[in-house]
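Below: the structure, in structure tokens.
The values are calculated or read from the model by the stated rules, or taken from the named source; none is laboratory data. Since this is a predicted model, take the numbers as computed values, not measurements. Note that each Cβ is placed from the backbone with ideal geometry, even for glycine, and that neighbours are counted across all protein chains shown.
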Amino acid sequence: MSVPTCDINNCEVLSYSNGSDSIEILWLKCYFNNQVYLVACCYHPPNPRYESKLFLEQLINGVEQFTAANADTVANEYIIVAGDFNTLDSGLLYFRNSVWSYSNS
């Protein structure tokens, strides 16, 4: 069984300002087999200098920004969120009606 690889020449770094120099989320747009993959490359340190909810809010804002910008092709797009999340409480995220949301309760 072969593992598919992605040619780096088929990826581009997307410009997105998250409003904080401390939050590390790099967005890539990659093309493979006629599909578009939006990849959030994330790092959430074990002891961040910001509130964890700010990281989650910025992640969701990025997803919303890129899916809205590509609304006409969103059926052919996949979002991948990957990285080192350390102590991040992902239980605050939930997925409903094809949309990620943040619960601050």
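One table, with the values for the structure above:
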{"read-out": "Residue that is farthest from Val13 (Cα to Cα), among those in segment 63-105 that are modelled with pLDDT of 80 or more and assigned to a loop (DSSP other than H, G, I, E, B)", "value": "Thr87"}
{"read-out": "Members of segment 40-62 that are hydrophobic (A, V, I, L, M, F, W, C) and under 24 Å from Glu12 (Cβ atoms)", "value": "Ala40, Cys41, Cys42, Phe55, Leu59, Ile60"}
{"read-out": "Segment 25-39 - residue that is among the polar types (S, T, N, Q) and either touching a helix residue (DSSP H, G or I) at 6+ places or on another chain (Cβ under 9 Å) or in a strand (DSSP E or B) (or both) and, of those, farthest from Val13 (Cα to Cα)", "value": "Asn34"}
